[in-house]
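> This is the structure I have questions about; it appears just below.
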Amino acid sequence: MSDLEFIEFGEFISPLERAARQYRTQPANEAVANLLKEAIALSATLERGDSGASLDPNLLEQARETARRGEAITPEQIQLLYAAADEAGEESYQDQYVLMELVQAAASGCAAIETRNESSGRLAIAAKGFQQWERVRQAYADVVEGLETTSRFFRVDRQKYAEVEDRYRRRWDEVRERTGGTRALFDPAGESPDLEWARLVEWNSDLGPNQGLLAQVDATIRLAIRLEHWRDNKGEPVGPVVERMVAHWEGAQADEETAFDAQRFMATAGDAAVEIGDWELGALVFARLLKCTSYPEHPIAFHATVQKALCHLMAGDPRACRAQLSTVPRAKMESLSEMIVTVASEFARYLAVEHACRKRLGEPVPENIRERLRGPLGTVAAIARRNPETRTEYLRSLYCAVLFRDVDAALAGAAS
């Protein structure tokens, strides 16, 4: 008889299963229990072969999408999941990694920007422990995008934010050197980033409780950061990449279920072009978007028309700007602006661009333009929170910050 045969081995309990048993006993943390359940199922599909860890990428993406669109996770519940991930990491980097993938996805879908940044930073650490180097890079890039977005549009300690951003960039550089990697933080995973960035726009767009252009503002700034890197650091033209992204979404117009979201994504690409000052590209994207819109009084149509006019103006063609503005049903836009906050923002943009266009053409302009803007801008500003604590509050505050910046830029363009 073997010396070990008398030992009774019970069912092996993984770190995630142990965490699930602990948190399932707390009814208030049902969302936590559901994420743990998803993580257990996902972790069971991971195997380590000769080439390292393997996981069906489609299965991982499906699980992350489920977590992103799932029920809201509170900051307190996210802290519980951090604790569960830390406990799992003491025994299994694999379990820690898959759980943090789902936690970061849930944070992306429902949490304010600071919580998302923290979740992405924790995901990078977990991915590094499990040697998922590409995910390390993507997670660090997500943090830096969040830091840059916040420092651009919110009143923060910019020096501190710059130091934190530099720290995350150096963390990736250290990993890259150690693993022999060559990609910079914002480099695409492949040679052509169009489909990769199209998926990123879709991922960063709110497709649940938040709808419309307000829900696209975070995706817009994040895409602009990628485009700036592609143009300024890689020395590559952004036009061909953006045009292929737009063509991808144009193909979704035939399906009624996907057409509206595809138009939102096209607007995001156009706005990102505007954000980096590529006026000709922006005008091209908005022209293609307008061909897809069948309802001229929809906020997306208003937005595309006014933004296209702005692009003409900033490109030095005020007559084309005026011709574009003349297609706007102004009276309808003004009446709708009193009821729909996104239309109020488009009306404010319209007034600013029209004022700048008239001044460029040497035509008389009203002296009280800022007083005229007070009404629509006040309507939009009413939705903002000084210290946004949820995803929705963050999006609304960012939307207001971008709008006020855009209006000031358009008025300043009157003298250019």
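The values are calculated or read from the model by the stated rules, or taken from the named source; none is laboratory data. What you see is a predicted model; the values in this text were computed from it and never measured. When we count neighbours, we look across all protein chains shown, and the Cβ atoms used for this are built from the backbone with ideal geometry, even at glycine.
> When D232 is evaluated against the numbered criteria (1) of a type outside the set (G, A, S); (2) part of a loop (DSSP other than H, G, I, E, B); (3) surrounded by fewer than 19 Cβ atoms within 10 Å (Cβ to Cβ), which criterion, by number, is the only one it fails?
The one condition D232 does not meet is (2).
> Pick out, from the stretch 124-207, the helices (runs of 4 or more DSSP H) lying fully within it that include 2 or more residues that are under 30 Å from M266 (Cβ atoms), among the aromatic types (F, W, Y) and not assigned by TED's automatic domain parsing to the domain that holds H248.
So the answer is 133-153.
> List pairs: first residue in the stretch 53-78 and without any contact (Cβ under 8 Å) to a residue 60 or more places away in the chain and crowded, with 18+ Cβ neighbours inside 10 Å, second residue part of a loop (DSSP other than H, G, I, E, B) and of a type outside the set (V, I, T) anywhere in the structure, Cβ distance under 8 angstrom, at least six positions apart or on different chains.
Hits for this filter: L55/L46.
> Could you check the stretch 1-29 and list, in sequence order, the residues that are modelled with pLDDT of 50 or more and more than 16 Å from Q79 (Cβ to Cβ)?
F12, I13, S14, P15, L16, E17, R18, A20, R21, R24, T25, P27
> The conditions are (1) buried (at least 16 other Cβ atoms within 10 Å of the Cβ); (2) in a helix (DSSP H, G or I); (3) in contact (Cβ under 8 Å) with a residue 12 or more places away in the chain, and Q253 fails exactly one of them. Which is it?
(2)
> Ok, one more. So E280 fits all but one of (1) in a helix (DSSP H, G or I); (2) in contact with a helix residue (DSSP H, G or I) (Cβ under 6 Å, 6 or more places away or on another chain); what number is the exception?
Of everything listed in (1) in a helix (DSSP H, G or I); (2) in contact with a helix residue (DSSP H, G or I) (Cβ under 6 Å, 6 or more places away or on another chain), E280 misses just condition (2).
> A further question follows. Only one of A219, A215 is at pLDDT 95 or above and farther than 15 Å from Q138 by Cβ. Can you tell me which?
Every option except A219 fails the conditions.
> I need every pair where a residue in the stretch 80-106 that is in the same structural domain as T66 (by TED's automatic domain parsing) and surrounded by 24 or more Cβ atoms within 10 Å (Cβ to Cβ) has its Cβ under 6 Å from the Cβ of a residue that is among the acidic types (D, E) and part of a helix (DSSP H, G or I), sequence separation at least 6 or different chains.
A88/D95; L102/E38
> Residue check: is V365 in contact with a helix residue (DSSP H, G or I) (Cβ under 7 Å, 6 or more places away or on another chain) and modelled with pLDDT of 90 or more?
no
> Another question about this same structure. Kindly provide the set of residues from the stretch 285-329 that are over 21 Å from G212 (Cα atoms), surrounded by fewer than 21 Cβ atoms within 10 Å (Cβ to Cβ) and not acidic (D, E), ordered by number.
Passing the criteria: A315, G316, R319, A320, R322, A323, S326, T327.
> While we're on this one: What about K332, is it crowded, with 17+ Cβ neighbours inside 10 Å, of a type outside the set (A, V, I, L, M, F, W, C) and out of contact with any Phe, Trp or Tyr (no Cβ under 8 Å at 6 or more places or on another chain)?
Considered against the rule, which asks whether it is crowded, with 17+ Cβ neighbours inside 10 Å, of a type outside the set (A, V, I, L, M, F, W, C) and out of contact with any Phe, Trp or Tyr (no Cβ under 8 Å at 6 or more places or on another chain), K332 comes out as no.
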